[in-house]
1. On the basis of being within 14 Å of the chain's Cα centre (by Cα) and under 16 Å from TYR80 (Cβ atoms), does ARG45 make the cut?
2. Which numbered condition in (1) in a loop (DSSP other than H, G, I, E, B); (2) farther than 18 Å from SER21 by Cβ; (3) open to solvent by less than 50 Å² (accessible area, probe 1.4 Å) is the only one that LEU47 fails?
3. Select from segment 77-88 the residues that are in contact with a strand residue (DSSP E or B) (Cβ under 9 Å, 6 or more places away or on another chain), at pLDDT 95 or above and of a type outside the set (A, V, I, L, M, F, W, C) and list them in ascending order.
4. Regarding segment 9-26, can at least one residue be identified that is in a loop (DSSP other than H, G, I, E, B) and either open to solvent by 70 Å² or more (accessible area, probe 1.4 Å) or modelled with pLDDT under 95 (or both)?
5. Which residue pairs have Cβ atoms closer than 6 Å, lie 6 or more positions apart in sequence or on different chains, and pair a first residue in segment 99-110 that is exposed (fewer than 11 other Cβ atoms within 10 Å of the Cβ) with a second residue that is of a type in the set (A, V, I, L, M, F, W, C)?
6. State all residues of segment 80-92 that are crowded, with 17+ Cβ neighbours inside 10 Å and touching a residue at least 60 places away in the same chain (Cβ under 8 Å); if no residue qualifies, say none.
7. Go through segment 111-121 residue by residue and tally those that are under 20 Å from VAL5 (Cα atoms) and open to solvent by less than 60 Å² (accessible area, probe 1.4 Å).
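The values are calculated or read from the model by the stated rules, or taken from the named source; none is laboratory data. Every value quoted in this text rests on a predicted model; they were computed, and no experiment measured them. Counting neighbours? That spans all protein chains shown, and the Cβs are built from the backbone with ideal geometry, glycine included. Heads up: the accessible areas ignore ligands, DNA and RNA and are worked out on the full protein's heavy atoms, side chains in. Shrake-Rupley method; radii C 1.70, N 1.55, O 1.52, S 1.80 Å.
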Amino acid sequence: QVQLVESGGGLVQAGGSLRLSCAASGRSSSTYTMAWFRQAPEKERELLAAMGKSGDTIYYKDSVKGRFTISREDAKNTLYLQINSLKPEDTAVYYCAARTGGGLLLPYVYWGQGTQVTVSS
């Protein structure tokens, strides 16, 4: 099992940047496929980016390619999401998620509590 805690959200101006962090505890995060999701008010949760166990397979939602970068630092058991050129439509609660096994787009089992990102304009 793994526990996930997100941080790094906040209120930012459009065009700004944020780096979200997801600290994993329990089993090493290096044994999990991990991902970032977000959920805006009255909208479904959407997968933004995912990274395989080895870090050599990465998925990005088409609409965020070029602005969002997923990375992991196994020595710190931490997953990151760098977000550049923030837009008001990026406003949402951002969640970290993890699963065992391969397949970046398969259902995720473990979830953090989320961190709020609000982009003003």
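1. no
2. Here LEU47 clears every test but (1).
3. Listed by number, the residues that qualify are TYR80, GLN82, ASN84, LYS87, PRO88.
4. Looking through segment 9-26, none of the residues is in a loop (DSSP other than H, G, I, E, B) and either open to solvent by 70 Å² or more (accessible area, probe 1.4 Å) or modelled with pLDDT under 95 (or both).
5. No pair meets every condition.
6. Listed by number, the residues that qualify are TYR80, LEU81, ILE83, LEU86.
7. 5
Here is a yes/no grid of residues against (1) in contact with a helix residue (DSSP H, G or I) (Cβ under 7 Å, 6 or more places away or on another chain); (2) farther than 15 Å from THR115 by Cβ:
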{"position": "GLN1", "(1), (2)": "no, yes"}
{"position": "GLY9", "(1), (2)": "no, no"}
{"position": "GLY15", "(1), (2)": "no, yes"}
{"position": "CYS22", "(1), (2)": "no, no"}
{"position": "SER30", "(1), (2)": "yes, yes"}
{"position": "THR57", "(1), (2)": "no, yes"}
{"position": "SER63", "(1), (2)": "no, yes"}
